[in-house]
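Q: One structure coming up, written as structure tokens, with questions to follow.
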Amino acid sequence: MTDTTTTEVRLPEDVPPKWANSLMKWALTAPGLERMIGQGVALLTFTGRKTGQKYTIPVSYQRDDDTVTIITKRVRNWWRNFETPAEVELRIAGREYHGKAEITLDDEANLDFMTGYLADRPIDAKAYGLAKTELTREKVAPIIPHIVVIRVHLAPAS
């Protein structure tokens with residue numbers, strides 16, 4: 001008899017309601033709130049590659065020195081603006097940064113990152129249907145085909 005157990009991939013809700021993004025944008029620019037909330041959520045501003053319009057969206061991030069890593073779901077479309085490296089602005093905890101964003105295609109590196117990222121953020125792990133005790137490479141691996149990892153390399157402060 002063969003074991004047919006499969007790991008079900010659960011992703012957080014596809015698109016947050018418009019009011020939630022508007023509220024988050026406001027909170028990330030409100031003095032006092034921005035420093036508290038900005039430790040895990042940033043405002044990403046970029047120019048659409050097809051429309052030429054400027055977009056600003058709230059994103060969860062992790063920062064390691066001059067590299068900021070952002071994760072989004074593959075079913076969303078905004079990440080396609082970084083299929084080729086593109087200039088962006090980031091507002092993190094009330095400070096403005098400039099950098100170049102690009103998609104990371106290395107599944108092994110993305111798996112390593114995602115495993116550590118979810119271990120550091122149990123609330124995000126829960127959104128993916130994983131308990132804190134389940135954050136192993138084997139349990140996180142099914143998520144990787146459903147996400148996009150974007151790295152922003154921050155420009156040196158002028």
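The values are calculated or read from the model by the stated rules, or taken from the named source; none is laboratory data. It should be emphasised that the depicted structure is a prediction, and the values quoted were computed from it without experimental measurement. Here the Cβ is made from the backbone with ideal geometry for all residues, glycine too, and neighbour counts use every protein chain on show. We work out accessible area using only protein heavy atoms, side chains counted, and drop any ligands, DNA or RNA first. Shrake-Rupley method; radii C 1.70, N 1.55, O 1.52, S 1.80 Å.
Q: Want the number for residue 62 to residue 87: 0.36 nm per residue separation, take away the alpha-carbon distance, what's left? Write out the running numbers ahead of the final one.
A: Values: separation 25, 0.36 × 25 = 9.00 nm, distance 1.84 nm.
Length gained, residue 62 through residue 87: 7.2 nm.
Q: Out of the total accessible area of the range 70-146 (probe 1.4 Å, heavy atoms of protein only), what percent is carbon and sulfur?
A: Looking at the range 70-146 in its full context, I get 52 percent from C and S.
Q: When you count, for each residue, the other Cβ atoms within 10 Å and take the mean per peptide, how do 88-96, 43-51, 130-138 rank with the highest first?
A: Values: 88-96: 17.2, 43-51: 14.8, 130-138: 12.8.
Going by the mean number of other Cβ atoms within 10 Å, highest first, we get 88-96, 43-51, 130-138.
Q: Shifting gears a bit: Pairs 50/100; 100/126; 50/73: which exceed 22 Å Cα-Cα?
A: Beyond 22 Å: 100/126.
Q: Related question: If you roll a 1.4 Å probe over the heavy atoms of the protein chains, what accessible area per residue do you get for the range 63-136, in Å²?
A: I get 55 Å² per residue for the range 63-136.
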